[in-house]
Amino acid sequence: MVTRSIIILLFLFNTLGVFAQQPKFDVLRKGLFRSQLSISPGFLFSGASTNIYLHGGFEYFLKDKVSFTGHGFWYIDNQKKNGDLKHNSSVLWGLRYHFPWRKKKIDSYIGLEPGVGFVQAKKSESLSVMKATPLISASAGLTFYVWKYFNFFVETRYVHGHHSSEWNKTFKLDEFRISAGLGWNVNLIRKKTG
């Protein structure tokens, strides 16, 4: 079993080396459109609960190092049976600044994204009214462009917000979220030649 695992790992590392040695392609520039979809855990600071989200996002490069981004997090469930939240979905949008390296095949970035959360609290068997709650998010991540049409990404994000229920209780929505997976990209502006 161990030998089989080692062989699989060697094959995967060898495959990544082949991708890295392909002819140069210019992906990371103005006009790049990226999209992604993943399952993301979110770790609430206010309790020992882990929320699970379906995370979809897009990004469009306004300049070579500046992009506009939008993200949606659909709340699926949490790992705590008696959690305080019934719904905690959110929509975020904002700007990112990019730090490309390794001939623009690897891109690290930071971003600031305001947004809105759609939150419904629960208390015993009763539910509060779903309300729109303002949020602010800071994100940082890394993207590895494997080919001109797809990439691998990992992204971390801190989300801050408060939800006030009709029970005169305020729920802190401060959370650390992680997303990773396969992303798609295409350049919408043709590169000028000559």
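Brief remarks on what is shown
- Residues of the range 156-193 satisfying the condition of being closer than 30 Å to GLY31 by Cα, part of a loop (DSSP other than H, G, I, E, B) and either open to solvent by less than 70 Å² (accessible area, probe 1.4 Å) or touching a strand residue (DSSP E or B) at 6+ places or on another chain (Cβ under 9 Å) (or both): LEU188, ILE189
- Qualifying residue in the range 59-82 (condition: out of contact with any Leu (no Cβ under 8 Å at 6 or more places or on another chain) and polar (S, T, N, Q)): yes
- The set of residues in the range 51-68 being under 19 Å from ASN187 (Cβ atoms) and buried (at least 20 other Cβ atoms within 10 Å of the Cβ) consists of GLY57, GLU59, PHE61, SER67.
- Going through (1) over 16 Å from SER40 (Cα atoms); (2) modelled with pLDDT of 95 or more one by one, VAL91 falls short only on (1).
- Unmet criterion (only one of (1) closer than 18 Å to TRP93 by Cα; (2) under 18 Å from the mean Cα position of the chain (by Cα); (3) not small (Gly, Ala, Ser)) for PHE152: (1)
- Long-range neighbours under 8 Å by Cβ, at least six apart or interchain, first residue within 20 Å of GLY183 (Cβ to Cβ) within the range 28-55, second assigned to a loop (DSSP other than H, G, I, E, B) and of a type in the set (Asp, Glu): LEU28/ASP64; ARG29/ASP64; LYS30/ASP64
- Meets criteria (over 29 Å from LYS86 (Cβ atoms), within 19 Å of the chain's Cα centre (by Cα) and touching a residue at least 12 places away in the same chain (Cβ under 8 Å)) for PHE118: no
The values are calculated or read from the model by the stated rules, or taken from the named source; none is laboratory data. These figures come from a predicted structure and were not determined experimentally. Backbone-built Cβ (ideal geometry, glycine too); neighbour counts: all protein chains shown. SASA here: full protein model, heavy atoms, side chains in, ligands and nucleic acids out. Shrake-Rupley method; radii C 1.70, N 1.55, O 1.52, S 1.80 Å.
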